[in-house]
Amino acid sequence: MEILPIPAESFKVGFIGAGKMAESIARGVVASGVLPPNRISTAVHSNLNRRDVFESFGVNVFSNSEDVVKESDVVIFSVKPQVVKKAVTELRSKLSKNKILVSVAAGIKLQDLQEWSGQDRFIRVMPNTPAAVGEAASVMSLGTGATEEDGAIVSKLFGAVGKILKADEKMFDAVTGLSGSGPAYIFLAIEALADGGVAAGLPRELALGLASQTVLGAATMVSKTGKHPGVLKDDVTSPGGTTIAGVHELEKGSFRATLMNAVVAAAKRSRELSQS
């Protein structure tokens with residue numbers, strides 16, 4: 001059976017799962033103008049609050065997932081990893097080669113998704129929590145039946161809530177260790193910087209505001225200038241100055257090695273969980 005292309009100008013998107021990630025993606029897609037809300041749907045079975053949330057910005061809310069699949073060209077499974085198999089298998093008879101299937105569930109491999117669904121037009125995407133503020137770092141991998149055109153459509157959707165890159169699925173455990181778990185490392189760094197500001201005499205609110213904006217500004221410089229972070233670090237590190245004194249202390253505490261070890265440890269744990 002020939003795979004039909006998805007109509008780029010009129011395709012509809014449906015979310016299986018109406019949680020925070022689905023909401024973040026849907027809001028981003030609407031806010032960016034990628035899709036109008038009347039071309040997006042989800043299903044809410046009992047939690048009326050979640051129905052109100054999606055309806056508040058115009059998304060169609062059905063009472064069952066079968067209607068979502070029927071109405072959608074792109075079906076995004078945004079349920080928790082432990083219930084993905086149940087969600088996919090229950091909808092198996094409604095899925096077809098004419099739909100792009102997407103999973104954002106951490107640790108669930110394409111091979112399993114394709115087996116459970118009976119379809120190979122699957123794309124696995126791993127976003128992270130900053131999707132909630134439109135600054136996700138997402139990675140996607142195409143299943144055996146997904147086309148480059150399918151990938152372009154999914155990139156457009158997830159590009160509405162941040163940046164999306166393509167990688168081989170075998171790299172996803174490392175992706176988990178870096179961008180999946182990485183926001184927690186940065187939250188800790190922001191908290192620690194703010195605590196340092198307080199220790200140096202700043203009011204808490206001022207210290208936290210400066211710390212969070214400093215991290216945001218530094219990340220934006222790396223992203224927008226294209227310069228290596230080491231070069232940017234050197235630009236602000238004057239001989240015998242304040243910054244090199246602080247960097248020296250960080251090196252004493254194995255700052256860089258500790259962050260590297262955190263990424264490796266999280267990647268290792270992701271690998272263990274995906275094999276269990």
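The values are calculated or read from the model by the stated rules, or taken from the named source; none is laboratory data. None of the values given here were measured: they were computed from a predicted structure. For neighbour counting, all protein chains shown are included, and Cβ atoms are generated from backbone atoms with ideal geometry for every residue, glycine included. Ligands, DNA and RNA are excluded from the accessible area calculation, which covers all protein heavy atoms including side chains. Shrake-Rupley method; radii C 1.70, N 1.55, O 1.52, S 1.80 Å.
What are the equivalent ellipsoid semi-axes of the chain, built from the alpha-carbon gyration tensor (square roots of five times its eigenvalues), in whole angstrom, biggest first?
Rounded to whole Å, the semi-axes are 39, 21, 17.
Near the amide H of A136, under 5 Å away, which other amide H atoms are found, from residues 5 or more places off or on another chain, if H is placed in the peptide plane?
Long-range HN contacts for A136: A131, G162, K163.
Counting other Cβ atoms within 10 Å, which trypsin sites (Lys or Arg not before Pro) in segment 216-264 have at most 14 and lie in a DSSP loop?
K227
Among DSSP beta bridges whose residues both lie in the chain, state the antiparallel percentage, nearest 5.
In the chain, DSSP labels about 15 percent of beta bridges as antiparallel.
Report, in debye and to the nearest 20, how large the dipole of segment 81-146 comes out about its Cα centre when Lys and Arg carry +1 and Asp and Glu carry -1 on their Cβ.
With Lys and Arg at +1 and Asp and Glu at -1, about 240 debye.
How many percent of the accessible area of segment 143-245 is carbon or sulfur, using a 1.4 Å probe?
Whole-percent figure for carbon plus sulfur exposure: 67.
What is the magnitude of the charge dipole of the chain about its Cα centre, with +1 placed on the Cβ of each Lys and Arg, -1 on the Cβ of each Asp and Glu, and no other charges, expressed in debye to the nearest 20?
300 debye
Take peptides 25-32, 192-199 and line them up by average Cβ neighbours within 10 Å, highest first, as a rough protection proxy. Provide the component values of the computation, followed by the final result.
Working: 25-32: 21.0, 192-199: 14.9.
Ranking the peptides 25-32, 192-199 by packing returns 25-32, 192-199.
Report, largest value first, the span of the C-alpha coordinates of segment 13-171 along each principal axis, in whole Å.
The Cα atoms of segment 13-171 stretch 38, 33, 26 Å along their principal axes.
Would you list, by chain and number, the lysines whose Cα falls below 29 Å from the Cα of K99, excluding same-chain residues fewer than 8 positions away?
Cα-Cα hits under 29 Å: K12, K20, K70, K80, K85, K86, K109, K156, K163, K166, K170.
Accessible area per residue of the chain at 1.4 Å probe, in Å²?
I get 55 Å² per residue for the chain.
Which residue, chosen from G180, V53, Q111, occupies the Cα position most advanced towards the positive end of the dipole of the chain, where the dipole is computed from +1 (Lys, Arg) and -1 (Asp, Glu) charges on Cβ about the Cα centre?
Most positive-ward Cα: Q111.
Suppose every Lys and Arg Cβ carries +1 and every Asp and Glu Cβ carries -1, with no other charges. What dipole size does segment 181-275 come out with about its Cα centre, to the nearest 20 debye?
On the way: 9 positive and 8 negative charges, 73 e Å.
Dipole of segment 181-275, to the nearest 20 debye: 360 debye.
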